[in-house]
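Written below as structure tokens is the structure these notes are about.
The values are calculated or read from the model by the stated rules, or taken from the named source; none is laboratory data. Computed from a prediction, not measured in an experiment: that's the story for all the values here. Here Cβ is always computed from backbone atoms with ideal geometry, including for glycine, and neighbour counts include all displayed protein chains. Each accessible area value is taken on the protein alone, full model and side chains, heavy atoms only, with ligands, DNA and RNA left out. Shrake-Rupley method; radii C 1.70, N 1.55, O 1.52, S 1.80 Å.
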Amino acid sequence: MKLDLTVERVDVYAVALPTIRSFGVSGGSVAVAGHPSIRILTKVSGGGVHGWGEATPIPAWTYETAESIFTTISRYLAPAIIGLPIWQLDGVSRVFDRTINRGFSIGAPLAKSAVDVALHDLVGRALEVPLGVLWGQRRCEEVELAWIVSGQTPAEVAACVAEGLGEGYRAFKVKIGLHDERTDLDVVRAVRSEAPEAPLWVDANQAYSVDEALRIARKLEEFDVFAFEQPLPANDVAGQRRLRAASPLPVALDESLRHPSDLATFVKLDAIDVAVAKVQRSGGLTLSRRLCQLAEDCGVRLLGSGLTDSDVGLAASLHLFAAHGIGGPADLNGRQFISSPYADGITVRGGMARVPSGPGLGVEVDEKTVKELAIELWP
């Protein structure tokens, strides 16, 4: 590797990817069958080498839209890193915080993640090593994936679970908070009935109050649920402490953990059982590695999750989880809901995803296809 390589160019593309099936969370729709799913792909180049990153705009989950991610990268983050050494990943993270202020926790994490991941891919390719070798940290070669049950009525659950089992999946994650409380519980009951031995956890995506979450947790206990993910609003720190003290189920935090300092707060307050690692939510691989290491050092269990990423984002998550031994089941559900016709390099078989072994992310991106899929965000 030439250590004097610097960032010379940043290209940003909004691409329309085929949607396989619909997907919703308590805040609203994530993917709609028959309508393309928009992803923001970022290419960072320097010294004849390039790397790719991805952002997944989900306004139903967080505040960043396709338009805001595109302009944040192209008008703010990209100009701020031109000329910086490609290997200075920690320095880039600090530049980002000066460019788009952190605020209470972290600012524009999805946009920052796309650039951070592209830089990691670029450095790995310049060195001709995969990210695990770059970090000196790779504890597993495969990650088990969970099949997602979202939005189904109890009557529809059997077909959904059967499809997952038919694809080789042996673990399930159920989105709740989409219906009334009784229907949510009936959906979980139906999943457990169809997959009586499967690892099972539920995700409420901030749908409940403390009292509602406690009532639901007590009822979920009979279904052998191993984690109750993000039942409360992300900023309800006091409520989370109260819930964790009384819940019969381990409480996992996702949206509450934007920055490693958020995890530190919940650890200090004894208000967390499980930390969810999610690359985009935490602004990329640099901060996600810090969060995962902090969780390990504090004895907090880690779960893996994503944002319905296409294959670039999927690869980034696989490398992060492999580095920290998060062998699954992980909610990396992109392959269940969208296609990635622009990329090659990831193998998923029987519900198991192989960690790529090529340089950088280990994903080969066909830029011609990216340009063919690219759309204008403004008429």
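Remark on segment 206-352: Rg and Dmax equal 15.7, 47 Å (Cα only). Of all DSSP beta bridges located in the chain, what percent are antiparallel, nearest 5? Given both bridge residues lie in the chain, the antiparallel proportion sits at roughly 60 percent.
Heavy-atom surface analysis with a 1.4 Å probe gives segment 221-293 a carbon and sulfur content of 47 percent of its accessible area. Distance between the pseudo-spin-label points of LEU127 and TYR76 (7 Å out from Cα toward the beta carbon): 3.0 nm. Strictly over 19 Å apart at the Cα level, which of LYS112/LYS278; LYS278/LYS371; LYS173/LYS278 would you flag in this model? The answer is LYS278/LYS371. Solvent exposure of segment 65-190 amounts to 40 Å² per residue of accessible area, where only protein heavy atoms count and the probe is 1.4 Å.
Whole angstrom only: what separates the Cα centroid of segment 321-379 from the Cα centroid of segment 167-220? The distance from the Cα centre of segment 321-379 to that of segment 167-220 comes to 27 Å. Of the residues GLY325, GLY151, TYR342, the one whose Cα sits farthest toward the positive end of the charge dipole of the chain, with +1 on the Cβ of Lys and Arg and -1 on the Cβ of Asp and Glu, is GLY325. Helix 154-166 and the longest principal axis of the Cα set of the chain meet at an angle near 50°.
What the Cβ-Cβ distance of THR183 and HIS35 gives, at R0 = 30 Å and to the nearest 0.05, is a FRET efficiency of 0.75.
Using the rule -39500 (n - 2.57) for each DSSP H run of four or more residues, divided by the residues of the chain, the 222 nm mean residue ellipticity is -11000 deg cm²/dmol.
Normalised Debye scattering of the chain at q = 0.07, 0.10 Å⁻¹ gives log10 I(q)/I(0) of -0.28, -0.59, counting only Cα atoms as equal scatterers and leaving out solvent. A 1.4 Å probe run over the protein chains yields, for segment 224-273, 36 Å² of accessible area per residue, whole-number rounding.
Under the convention that each Lys and Arg Cβ holds +1 and each Asp and Glu Cβ holds -1, the size of the dipole of the chain around its Cα centre is about 680 debye.
Simple spin-label estimate for THR369 and GLU141 gives 2.6 nm between the two label positions (7 Å along the Cα-to-Cβ direction from each Cα). Take the Cβ atoms of GLU376 and ARG21, set R0 to 30 Å, and the FRET efficiency comes out at 0.70. Here's the picture: charge each Lys and Arg Cβ at +1 and each Asp and Glu Cβ at -1 in segment 82-224, and of ASN205, THR183, TRP135 the one pushed furthest to the positive end of that dipole is TRP135. Give the residues of segment 124-139 whose amide nitrogen is closer than 15 Å to a point set 7 Å from the Cα of GLU296 in the direction of its Cβ. Residues 132-139 qualify, since their backbone N sits under 15 Å from the label point.
Could you tell me what percent of the DSSP beta bridges with both partners in segment 249-363 are antiparallel, to the nearest 5? Roughly 20 percent of the beta bridges in segment 249-363 run antiparallel, per DSSP. Potential lengthening of the chain between PHE104 and THR65 amounts to 12.1 nm, from the contour at 0.36 nm per residue minus the alpha-carbon distance.
Under a model in which nothing but the beta-carbon of Lys, Arg (+1) and Asp, Glu (-1) is charged, segment 168-320 shows a dipole of about 320 debye around its Cα centre.
Binning all Cα-Cα separations of segment 85-178 at 5 Å, short to long from zero, yields these whole-percent fractions: 2, 11, 14, 12, 10, 12, 14, 13, 9, 4, 0, 0.
Using Cβ point charges alone (K and R +1, D and E -1), the dipole size of segment 291-379 about the Cα centre works out to roughly 280 debye. Think of a 1.4 Å ball rolled over the protein heavy atoms: segment 319-359 then has 31 Å² of accessible area per residue.
Across segment 137-176 the C-alpha pair distances fall into 5 Å bins from zero in the proportions 6, 23, 26, 19, 10, 7, 6, 4, 1 percent.
In terms of accessible area, using a 1.4 Å probe and ignoring ligands and nucleic acids, THR56, THR286 rank largest first as THR286, THR56. Rolling a 1.4 Å probe over the protein heavy atoms leaves SER317 with an accessible area of roughly 0 Å².
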